[in-house]
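Everything on this sheet refers to the single structure shown next.
The values are calculated or read from the model by the stated rules, or taken from the named source; none is laboratory data. Keep in mind it's a predicted model, so treat the numbers as computed, not measured. Here the Cβ is made from the backbone with ideal geometry for all residues, glycine too, and neighbour counts use every protein chain on show.
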Amino acid sequence: MSQANVDHLGPVPNNAVGMSREYPDEESTLLREEFFFHEEGTLFGRVLNSFEFCIHGKPVAVQENLIRQDGSSDLEVIGMVGTIYNKEGLFGQCGWFGNYDLDWFWVRMNGITAIKVDKDLRFRRGEWCIWLHTRLGQYALLLPRATYRETWEEVVSELGPNGLSALFRQWPACGTRPSWWDEKWKDDWPFEKEAGSKRRASTELGQFEVEARESDGLTSKWKFLGPRGEQGNQGEMRTTLDQLCPWELSPSGMLPTRLNKSKSSDRLGTETRGKATSTRKSRGVGKSSKRKDI
C-alpha cells in the first residue's frame with residue numbers, strides 16, 4: 001500500500017484490517033488453511049472475488065502497457081481472497097464467500113506480472129479461467145466488483161478468442177454435486193447427494209421448505225442473502241430466516257399438573273363427586289395461515 005493511501009485512510013483499528021474493502025490486508029498474509037500446507041517461498045494458489053483494478057486508487061481498464069513482467073508498475077487490485085486448494089478451495093471455486101467453509105479476507109495487491117486466459121487443473125479440473133499472476137501468487141479471477149463489471153468485460157474481450165468464454169460463472173447454491181468436485185470431499189457438498197448418503201440438516205430443511213412451497217402453489221424464488229455479498233451477486237447459502245410466519249398461540253393452554261390435581265382433591269374433601277372439579281376452557285383450533293415467501 002502506498003504512503004498516500006495510508007495517509008488517506010488514517011488510523012486503522014487492528015481488528016478491522018482485512019475485514020472490509022476500506023482496510024485491505026497485505027498479500028503475504030496467510031489464510032487459516034494455508035497455515036497447514038503453504039511452504040514459505042512458494043507461490044500462493046488462490047481465488048480472487050469482487051475485485052477491481054486501480055491506479056492510485058482510481059479504477060482502470062487493464063491494458064497490456066500497464067503490466068510489467070517484473071511487477072514494477074503502479075497497477076494494483078483490491079478484492080476478496082480465498083484458497084483454491086483442498087475442501088475449502090472447492091467452495092472458493094463455486095464463488096461462495098458468505099459461509100464458514102472458506103476463510104477469506106480483503107486484500108490489496110501490487111507486483112502484478114501478468115493476466116492470462118488458461119486451463120489450469122487447479123480450477124474446476126481444467127476449465128477455462130482468467131488468471132492473475134503476481135510476484136507472490138497466482139489467482140483465479142472470479143466475479144468483479146459490481147461497479148467494475150462493464151469495464152472488466154471490455155478488458156476480457158481483448159484477451160483473445162477464449163477470453164469471454166473464460167469469464168467466471170458462479171455455481172448455483174443448489175442441486176447435485178458438480179463433476180469437478182473432488183470425490184475425496186463428496187460428503188461436504190451441502191445440497192442434494194446420491195442415494196444412501198447422509199444429508200446435512202440444512203439440506204433436509206431446505207427440501208421441506210421446497211415441498212411446502214409447492215403444496216401452497218407458490219412460485220417465487222429463493223432469495224440469496226448474506227452480509228458479504230453485493231447486490232445482485234450473492235454467493236451466499238440459502239436461508240429462510242426472513243420467510244417464517246408468526247406463531248399462532250391460544251390462551252389458557254396450560255393443563256394442571258399431577259401435583260395440582262392432588263391438592264385440589266384434598267381441598268374438595270367431602271364434596272360430591274358428581275360436581276365438576278375443572279373449569280378449564282377448551283382450546284379453539286384456528287386455521288393455519290399459509291406461509292408467504294418473499
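A few remarks follow.
Rundown of residues vs (1) exposed (fewer than 13 other Cβ atoms within 10 Å of the Cβ); (2) farther than 30 Å from GLU154 by Cα; (3) in contact with a Pro (Cβ under 8 Å, 6 or more places away or on another chain); (4) modelled with pLDDT of 95 or more, yes/no style:
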{"site": "PRO11", "(1), (2), (3), (4)": "yes, yes, no, no"}
{"site": "ASN15", "(1), (2), (3), (4)": "yes, yes, no, no"}
{"site": "GLU26", "(1), (2), (3), (4)": "no, no, no, yes"}
{"site": "THR29", "(1), (2), (3), (4)": "no, yes, no, yes"}
{"site": "THR42", "(1), (2), (3), (4)": "yes, yes, no, yes"}
{"site": "LEU48", "(1), (2), (3), (4)": "no, no, no, yes"}
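- Restricting segment 50-59 to residues that are out of contact with any helix residue (DSSP H, G or I) (no Cβ under 7 Å at 6 or more places or on another chain) and in a strand (DSSP E or B), the residue that is surrounded by the fewest Cβ atoms within 10 Å (Cβ to Cβ) is LYS58.
- Conditions (1) surrounded by 17 or more Cβ atoms within 10 Å (Cβ to Cβ); (2) in contact with a Cys (Cβ under 9 Å, 6 or more places away or on another chain); (3) free of Cβ contacts under 8 Å to residues at least 24 places away in the same chain; number of the one not met by PHE91: (2)
- With respect to being outside any loop (DSSP other than H, G, I, E, B), at pLDDT 95 or above and in contact with a strand residue (DSSP E or B) (Cβ under 6 Å, 6 or more places away or on another chain), VAL62 falls outside the description.
- Only one entry of ASP103, ASP70, ASP120 meets the criterion of being closer than 18 Å to TRP181 by Cβ, of a type outside the set (Gly, Ala, Ser) and touching a strand residue (DSSP E or B) at 6+ places or on another chain (Cβ under 9 Å), and that entry is ASP120.
- Among (1) out of contact with any strand residue (DSSP E or B) (no Cβ under 8 Å at 6 or more places or on another chain); (2) closer than 19 Å to THR134 by Cβ; (3) not in a loop (DSSP other than H, G, I, E, B); (4) not hydroxyl-bearing (Ser, Thr, Tyr) - the single one PHE35 does not satisfy: (2)
- On the stretch given as segment 74-94, residues that are outside any strand (DSSP E or B) and not basic (Lys, Arg) total 11.
- Filtering segment 123-174 to residues that are part of a helix (DSSP H, G or I), within 23 Å of ASN110 (Cα to Cα), in contact with a strand residue (DSSP E or B) (Cβ under 6 Å, 6 or more places away or on another chain) and among the hydroxyl-bearing types (Ser, Thr, Tyr) leaves only TYR148.
- Odd one out for VAL77, checked against (1) buried (at least 17 other Cβ atoms within 10 Å of the Cβ); (2) under 14 Å from TYR139 (Cβ atoms); (3) of a type in the set (A, V, I, L, M); (4) over 27 Å from the mean Cα position of the chain (by Cα): (4)
- Counting only residues that are surrounded by fewer than 17 Cβ atoms within 10 Å (Cβ to Cβ) and under 23 Å from the mean Cα position of the chain (by Cα), segment 104-125 holds 1 of them.
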